[in-house]
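This report refers to the structure that appears directly beneath it.
The values are calculated or read from the model by the stated rules, or taken from the named source; none is laboratory data. Just so we're clear, the structure is a prediction, and the values are computed from it rather than from any experiment. Note: ideal-geometry Cβ built from the backbone for every residue, glycine included; neighbour counts use all protein chains shown. Note: areas computed on protein heavy atoms with side chains; ligands, DNA, RNA excluded. Shrake-Rupley method; radii C 1.70, N 1.55, O 1.52, S 1.80 Å.
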Amino acid sequence: MKKTLRIFALGGNDVSPTGEIDPKTGKYKIPDLPEQWQRTSATCELLAKIIKDNPNDNYILTHGNGPQVGNIILRSEYSKPILHPLPLDICGADTQGAMGYMLAQLSNSLLINGIDKIVAETVTRVVVDQNDKDFQNPTKFIGPSYKKDEAEKIHLEEKHLMKFYKKNDDGEELWRWVVPSPKPTDILEIDIVESNLNTGLIPIAVGGGGIPVIKVKPEIHNDEEVYKCNYDISYKRKFIQNQEPLEIYTGIEAVVDKDLASALLGTMLIEKAKKRNEELDAELNIFTNIDGAKLNFQQPNQKDLRLLSLQEAKDLYNKNIFPDGSMGPKIKSAINFIESGGLKVRITKAELYYETLKGDAGTTIVKTK
């Protein structure tokens with residue numbers, strides 16, 4: 001029986017509730033660890049139900065880390081007098097471990113449902129281009145939401161670049177910190193992820209979009225080929241004319257979009273299967289805090305986009321209908337995934353997954369209608 005690979009790209013809201021007001025302070029709440037564990041548990045319960053309904057398929061989990069990276073940076077800034085600062089790539093690695101640990105409780109939810117499967121977290125490095133335009137014009141939202149006056153104060157005091165995120169249910173503007181989000185081009189641990197998948201495990205991969213790294217170009221000094229990495233670390237070997245450079249990588253300050261990385265993960269697995277003369281049916285499910293893509297988002301004439309063909313999605317994307325840092329990368333991820341052989345992409349809230357299957361919620365993108 002042919003299996004379908006189902007990739008679930010979890011949004012930050014599926015691990016950490018966002019946009020809630022603290023009644024004591026009137027400010028947007030930063031969820032504590034018990035709240036994050038409870039939200040993750042609820043997400044795992046839903047995933048366990050999906051897996052129970054489709055027990056013969058294969059599954060991969062990916063996740064965002066915007067709120068969590070923002071929290072780590074805040075802790076780092078508050079402790080500046082006594083501790084060293086933390087760069088974004090290290091923050092990403094930290095969140096992969098911690099959030100993978102929380103999502104691994106999916107194994108518990110599966111056992112309660114009579115399914116004996118192990119969830120395996122893989123610390124994953126993702127290659128980016130250091131010349132990516134997003135380093136000049138950052139678009140990735142991280143950290144908690146703020147009211148406009150709070151955001152302006154943070155910008156003045158901490159020099160963080162703050163941008164409008166969206167409006168809340170009361171029509172108030174929400175602002176968040178933005179950082180560079182270069183496009184992912186390769187996943188270094190792809191063979192480990194595939195091996196876990198093939199042995200029946202449920203991999204958790206490219207957490208937070210993956211730890212961003214760049215390929216180091218060697219320099220030639222005194223007949224030596226020198227690879228200069230971060231923190232004054234260098235690797236040297238004898239220079240030989242026309243020899244292929246080594247694939248050596250070092251981290252860079254950025255946060256990779258988890259949806260683009262999830263699409264890349266799926267397309268790389270599809271391509272690897274093709275090289276073995278195998279067909280891999282794969283679908284990508286992107287969970288977010290919005291009920292799918294919209295035309296005229298948060299305007300009086302807002303319109304739900306329930307079903308789109310690949311061409312319709314491309315036409316809308318090319319018209320800049322969807323903003324960077326939110327729905328734009330999700331639509332681009334869907335385009336990349338389906339163009340590379342993926343079956344379909346769903347963009348929806350986790351709790352609306354089953355309604356999305358029926359076409360009553362979310363957005364489903366397919367090659368042709």
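Here are some notes:
- Backbone geometry of region 78-93 corresponds, through the Karplus equation with coefficients 6.51, -1.76 and 1.60 at θ = phi - 60°, to 3J(HN,Hα) couplings of 5, 9, 3, x, 10, 10, 6, x, 10, x, 5, 5, 5, 4, x, 5 Hz, x marking Gly and Pro.
- For the chain: relative contact order, % (alpha-carbon pairs under 8 angstrom, 6 or more apart): 19
- Shape call, region 115-154: gyration tensor on alpha carbons, a/c limit 1.5: oblate
- With contacts taken as Cα pairs under 8 Å and at least 6 residues apart, region 242-313 reaches a relative contact order of 16 percent.
- Note, ³J(HN,Hα) from phi for region 356-362, Karplus 6.51, -1.76, 1.60, rounded to Hz, x at Gly and Pro: 5, 4, 8, x, 9, 7, x
- Amide H contacts of residue 140: 179, 181, each under 5 Å away and 5 or more positions distant or on a separate chain (H built 1.01 Å from N in the peptide plane; Pro and chain starts excluded).
- Distant-in-sequence amide contacts of residue 21, defined by a placed amide H-H separation under 5 Å and a gap of 5 or more residues or a different chain, comprise 29.
- Rolling a 1.4 Å probe over the protein heavy atoms leaves residue 80 with an accessible area of roughly 120 Å².
- Table column - 3J(HN,Hα) (Hz), region 125-139, Karplus curve with 6.51, -1.76, 1.60, x for Gly and Pro: 9, 10, 7, 10, 9, 5, 9, 4, 5, 5, 5, 8, 9, x, 10
- Rounded Å value of the spacing that divides the Cα centres of region 215-265 and region 297-358: 35
- On a per residue basis, the chain carries 50 Å² of accessible surface, using protein heavy atoms and a 1.4 Å probe.
- 17 Å Cα-Cα reach of residue 330 towards aspartates and glutamates, excluding residues that sit fewer than 8 places from it in its own chain: 14, 134, 257, 259, 283, 291, 304, 312, 315, 339
- Heavy atoms of residue 2 accessible to a 1.4 Å probe, total area in Å² rounded to 10: 110
- Residue-averaged 222 nm ellipticity for the chain, from DSSP H runs of 4+ at -39500 (n - 2.57), nearest 500: -10500 deg cm²/dmol
- Of 58, 168, 108, the one that fluctuates the most in a GNM where the chain has Cα springs shorter than 10 Å: 168
- A straight line joining the Cα centroids of region 84-112 and region 127-206 runs 16 Å.
- Electrostatic tally near residue 279: other residues with Cβ closer than 13 Å to its Cβ, Lys and Arg +1, Asp and Glu -1, net +3.
- Cross-link partners of residue 238 among lysines (Cα-Cα below 30 Å; sequence separation of 8 or more within a chain): 215, 217, 228
- Placed amide H near residue 206: partners under 5 Å, 5+ positions off or other chain: 124
- Region 134-284 - percent relative contact order, Cα under 8 Å, separation 6 or more: 22
- Given 133/314; 29/133; 163/272; 133/294, the pairs whose alpha carbons are separated by over 30 Å: 29/133; 163/272
- Candidate lysines for bridging to residue 52, where Cα separation is under 26 Å - those fewer than 8 sequence places away on the same chain excluded: 2, 3, 117, 258, 344, 349, 358
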